[in-house]
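Colleague: Structure below; questions to follow.
The values are calculated or read from the model by the stated rules, or taken from the named source; none is laboratory data. Here the structure is a predicted model, which is why all the values come from computation and not from measurement. Counting neighbours? That spans all protein chains shown, and the Cβs are built from the backbone with ideal geometry, glycine included.
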Amino acid sequence: MTSSEPEQHPEPPAPEEAAPLRVAVIGSGPAGIYTADALTRQRRVPVRVDVIDRLHTPYGLVRHGVAPDHTKIKGVARALRRILEHPDVTFVGGVDFGSDLTREDLARSHHAVVYATGAGVDRRMEVPGEDLPGSVAATDFVTWYCGHPDSELERFVLDAEEVAVVGAGNVALDVARILAKSAEELRHTDIPQSALDVLAESRVRTVHVLARRGPLQAKFTAPELRDLLDLPGVDVVVPPEQVDIDLAEVGTDRPGLREVARASRTNLGLLRDQAARGVQGRPRRIVFHFWARPERILGTDRVEGLRVEHTRLDEQERLVGTGEHTDLNVGMVLRSVGYAGVPLIGVPFDERGRTVPQEQGRVLDAEGRVVQGDYVAGWIKRGATGVIGTNKSDAAATVRTLLTDADALRAAVPAPVDLVEVLASRGLTASDYEGWLRIDEAEAVHAADLDRGARVKLGGWQAYRKALGDG
Ligand code: NAP
């Protein structure tokens, strides 16, 4: 509106009487739901929040990323559930932003859009042989054992005795742990029955975990390392010479030891204790290899081995190869070298960082200008780092910015229409929170039928449609 136009509201309503600010949140993982939480916790600006997800099920990586045996972490879903049940929050499932619904569509129904779509794909190692059958992304393996509906139930056959997991983050430890556990130990988790059956038949006996840097630089955290070291049927092999680091030197100028965090020192202590314990002759083994980076996956028709180059840090603490190699006799390689964001149609994207460019949560275009009405939260904003709780403060920061812009956002969309109307104009009917509760219930019934724990994930889209009463 220009200053010469007549004012339509000579008496602007008091904030509590104002029409709610309509916010669409794309993605119902922790970042998206914590965004809804930060929006509905405050009273200054009335809001209505639609949390839109391409799946019929909420909770993102809490449901399809956290390992099935990490029940304590999965318990965060209870807190997320309370937020989704807030009267000013609506779950809109089965709607894919970009194909089903565009940014232009949402411009009719919402004052602001917050993208909280996470980091949906794996990063690559960029080594020869990476595309051989048997070389897979850990993210594929994770979505398979977490029962993501996109994952093919028959995706994995675990017929190799030795496998390699590349990377020293928490995902690598999750994957190594699931591969090393017996099916019996996973029976009372929510792992899909088809995945449990494959794990029961698994021939895997040795899991090599490869870290391209040393134990002090590993990204995994102590609780996850402890989980691995405590596995009853598994010998964890830690080469003593690789953890023989003088802790008194931590914080000195020696390469690799500058600014070593307390967490790294805890990891080192745990690894040293394990190295001292040695092996007990248990049925399965997890073998740590520090200072080992993949150079080439060996094999012609499928993975037959992995060549690693030994590494060290130079005087500038850059990672360099030593020229020495070891070939591991593995039949499968799982790359677990981090997640990357996926571009969203009509939304700026930084290919290098694999994130949406932003400042204080406001999306920026290629020229660095603010894109009016567009915001970002979570991994698609800051990259795939941090634990679930990190998304809470991250989302709150974005919401603070968004609320600062509330007046301008309202002025730009004076008469928003209902999202249901917009979806109908595209020939779509979304699933809702009640639909999710039906899936939830079907998973509890499935668990009871199988005489397994409280819930067993349904596998595949068809099973969801059936639970929703659509198929
Ligand atoms: P991450 O923590 O970033 O770890 C990635 C690992 O891959 C690092 O060790 C990295 O080594 C290595 N790497 C990267 N590029 C490589 C290459 N080309 N060759 C060999 N190694 C390479 O990623 P993540 O494990 O996927 O985890 C993502 C996030 O989710 C993290 O914040 C993690 O803590 C979180 N998460 C948490 C839990 C939990 O709390 N239980 C579980 C799963 C995930 P450099 O350090 O040398 O780059």
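Colleague: With the structure loaded, tell me whether residue 173 is over 19 Å from residue 56 (Cα atoms) and more than 13 Å from the ligand (Cβ to nearest atom) or whether it fails that test.
Modeller: Against the criterion (over 19 Å from residue 56 (Cα atoms) and more than 13 Å from the ligand (Cβ to nearest atom)), residue 173 does not qualify.
Colleague: Still on this structure: For segment 388-420, give me the residue count where each residue is out of contact with any Ser or Thr (no Cβ under 8 Å at 6 or more places or on another chain) and either within 16 Å of the ligand (Cβ to nearest atom) or outside any helix (DSSP H, G or I) (or both).
Modeller: Adding up the residues that qualify gives 11.
Colleague: Which one of these does residue 235 not meet: (1) buried (at least 17 other Cβ atoms within 10 Å of the Cβ); (2) assigned to a helix (DSSP H, G or I); (3) of a type outside the set (A, V, I, L, M, F, W, C)?
Modeller: (2)
Colleague: Going by what's in this entry, would residue 154 be described as at pLDDT below 95, away from the ligand (no atom under 16 Å from the Cβ) and outside the structural domain of residue 25 (by TED's automatic domain parsing)?
Modeller: Criteria met by residue 154.
Table: residues versus (1) touching a residue at least 24 places away in the same chain (Cβ under 8 Å); (2) away from the ligand (no atom under 15 Å from the Cβ); (3) hydrophobic (A, V, I, L, M, F, W, C); (4) surrounded by 15 or more Cβ atoms within 10 Å (Cβ to Cβ).
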| position | (1), (2), (3), (4) |
| --- | --- |
| 310 | no, no, no, yes |
| 313 | yes, no, yes, yes |
| 324 | no, yes, no, no |
| 329 | yes, yes, no, no |
| 334 | yes, no, yes, yes |
| 338 | yes, no, no, yes |
| 345 | yes, yes, yes, no |
| 349 | no, yes, yes, yes |
| 354 | yes, no, no, yes |
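Colleague: Now for a different question. Would you pick out the residues in segment 357-386 that are assigned to a loop (DSSP other than H, G, I, E, B) and closer than 20 Å to residue 65 by Cβ?
Modeller: Once the filter is applied, which keeps residues that are assigned to a loop (DSSP other than H, G, I, E, B) and closer than 20 Å to residue 65 by Cβ, segment 357-386 yields 377, 378, 383, 384, 385, 386.
Colleague: If residue 367 satisfies all but one of (1) more than 19 Å from residue 127 (Cα to Cα); (2) within 16 Å of the ligand (Cβ to nearest atom), what's the number of the condition it fails?
Modeller: The failed condition is (2).
Colleague: Only one of these is touching a residue at least 60 places away in the same chain (Cβ under 8 Å), surrounded by fewer than 20 Cβ atoms within 10 Å (Cβ to Cβ) and over 22 Å from residue 66 (Cα atoms): 161, 241. Name it.
Modeller: Checking each option against the conditions leaves just 161.
Colleague: Moving on to the next point. Can we say residue 371 is touching a strand residue (DSSP E or B) at 6+ places or on another chain (Cβ under 6 Å), more than 30 Å from residue 218 (Cα to Cα) and among the β-branched types (Val, Ile, Thr)?
Modeller: yes
Colleague: Quick one: how many residues across segment 32-66 are within 18 Å of residue 143 (Cβ to Cβ) and either at pLDDT below 95 or of a type in the set (A, V, I, L, M) (or both)?
Modeller: Matching residues across segment 32-66 total 4.
Colleague: Which residues, taken from segment 70-94, are within 19 Å of the chain's Cα centre (by Cα), free of Cβ contacts under 8 Å to residues at least 40 places away in the same chain and in a loop (DSSP other than H, G, I, E, B)?
Modeller: Passing the criteria: only 75.
Yes or no, residue by residue, for (1) within 16 Å of the ligand (Cβ to nearest atom); (2) surrounded by fewer than 22 Cβ atoms within 10 Å (Cβ to Cβ); (3) among the β-branched types (Val, Ile, Thr); (4) more than 19 Å from residue 433 (Cβ to Cβ):
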{"position": "59", "(1), (2), (3), (4)": "yes, no, no, no"}
{"position": "73", "(1), (2), (3), (4)": "yes, yes, yes, yes"}
{"position": "91", "(1), (2), (3), (4)": "no, no, no, no"}
{"position": "113", "(1), (2), (3), (4)": "no, no, yes, yes"}
{"position": "121", "(1), (2), (3), (4)": "yes, yes, yes, yes"}
{"position": "128", "(1), (2), (3), (4)": "yes, yes, no, yes"}
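Colleague: Residues being closer than 28 Å to residue 458 by Cβ and modelled with pLDDT of 95 or more: count how many of those fall in segment 116-132.
Modeller: Number satisfying all stated conditions: 4.
Colleague: Something else about it: Across segment 200-216, which residue is nearest to the ligand (Cβ to nearest atom) among those that are part of a strand (DSSP E or B) and not hydroxyl-bearing (Ser, Thr, Tyr)?
Modeller: Here the answer is 210.
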